[in-house]
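Below is one structure, written out as structure tokens; the observations come after it.
Since every read-out is calculated from the coordinates, none of them should be taken as a lab result. Since this is a predicted model, take the numbers as computed values, not measurements. Counting neighbours? That spans all protein chains shown, and the Cβs are built from the backbone with ideal geometry, glycine included.
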Amino acid sequence: MTRAMGAAMRRIHVGNALSAFGLGFTVPYLYVYVAQVRGLGGMTAGLVLAVFAVAALIVLPFAGRAIVRRGPRPVLLVALVLAAVGAMSLGLAGSAGAVLVSAAALGAGQAVMQPALATMIVECSTAETRSRAFATQFFLQNLGLGVGGLIGGHLVDTTSASSFTLLFGIEAAMFLVLAGVMATVRMPHSPVIGDAPSQSAKGAWKQLLGNRAMVQLSVLGFVMFFACYGQFESGLSAYGVEAAGISTSALGTALAANTAMIVVAQFAVLKFVERRRRSRVIAGVGLIWALAWVTAGYAGLGHGSQEMATAAFVSTYALFGLGEAMLSPTIAPLVADLAPEGMAGQYNSAFALVKQLALAVGPAVGGPLGASLPGPYVVMFLVFSLGISVLALRLGRQLTAVQDQPWRAKGSLVVARGAVEPVGADV
């Protein structure tokens, strides 16, 4: 890793922490702000959350080609300005129409930020340093969200719309600060495919879909995001309240335990996973999440004391956090290593699209099921978690030795070009 790459990476991490800090101010309070503070009702608040997902699904198919053609930094700067405008407008909006339009701008900007930042990290790292770079990004994201949410909780006043305007103003300011930091980043030269700029979007997607390992990873990613992230604030919380009798304060403690586990365990976990096959690490996450769902089952169906149910429910979120800490240095670098030279933006955007689809479907399925059919709900997602392990082991057979075990790379061209020669039974 060159000195220029290291300097660029440090600025990217600082900017990433600032954006997460800004998001933390508003994410926990968005529903309350729209439904109660602005008096627009639960229906409009639900539509706002849906608009975030729809906006992301609309822009992400185009974001990848824009990153490939223009580079990640210009695309990121446009996304940050759009997100800042959306955040500030949302803080000032008083009507349903204005709230929805603002949410669409904020959602689109946030969605494009993810693959653009990921591609910048890819271009400022090597195959050997990439896992640590993405682990650091995930650590800072969670730390920023947690600190921002904590400070925002002390600033917010549900009887005062101006306090929420302040929160959204801080969020917008953080996006603009991040834009200023990113504008000063000197990106190292990154090789591109010779015909990439002239390649049609249809041709790029065809090439991506022809990569069997990437397709299998996308299917695996959908199941992971559906069974974990898609349940945090919908199905699992509804299950905890309805089946386990968890209080809202205990639910907040569970969410805090998830963040705390990630912050505390991230770099210890990184040392564990860095020298292990990525496919087996992901399979291990499936088993950990299966244990989490068994623990959740005890919380709601075990007929123990309320204290034991609460402890089990908090432990469920902590176990999910442990799995997330294992995935952060594994999944994103693997997406980058599967991409041909110059196509990391396209692959990052495609995987972000898969994530958004899972996050849109997950709450719609899990919310009603967790509240009304707690037993089938737990069993269903226990099976999904075990399915993650099976899919991960199958994916391992499609990866090259270096893609599955990146420490073998010595400035590897095999990884960079997204080769799909299987590892083989002897590896």
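Rounded, prolate or oblate for the range 1-125? Axes are the square roots of the Cα gyration tensor eigenvalues, ordered a ≥ b ≥ c, and the cut-off for rounded is a/c under 1.5. Because a/c hits 1.5 or more and a/b exceeds b/c, the range 1-125 counts as prolate. Placing +1 on the Cβ of every Lys and Arg and -1 on the Cβ of every Asp and Glu, with nothing else charged, gives the chain a dipole about its Cα centre of roughly 1260 debye.
Screening the chain for DSSP H helices whose Cα atoms reach 20 Å or more along their own axis and whose mean Kyte hydropathy is at least 1.0 gives 41-70, 72-92, 96-123, 161-183, 212-227, 248-273, 278-301, 374-396.
Sequence gap at least 6, Cα distance under 8 Å: using those rules, report the relative contact order of the chain to the nearest whole percent.
Numbers: 731 pairs, mean separation 103.4, N = 427.
Across the chain, relative contact order equals 24 percent.
Here is how the number arises for the chain: DSSP H runs of 4 or more residues each give -39500 (n - 2.57), the sum is divided by the residue count, and the result at 222 nm is -26000 deg cm²/dmol. Along the axis of the charge dipole computed for the chain (Cβ charges of +1 for Lys and Arg, -1 for Asp and Glu, origin at the Cα centre), the listed residues V59, A265, P374 are led at the positive end by V59.
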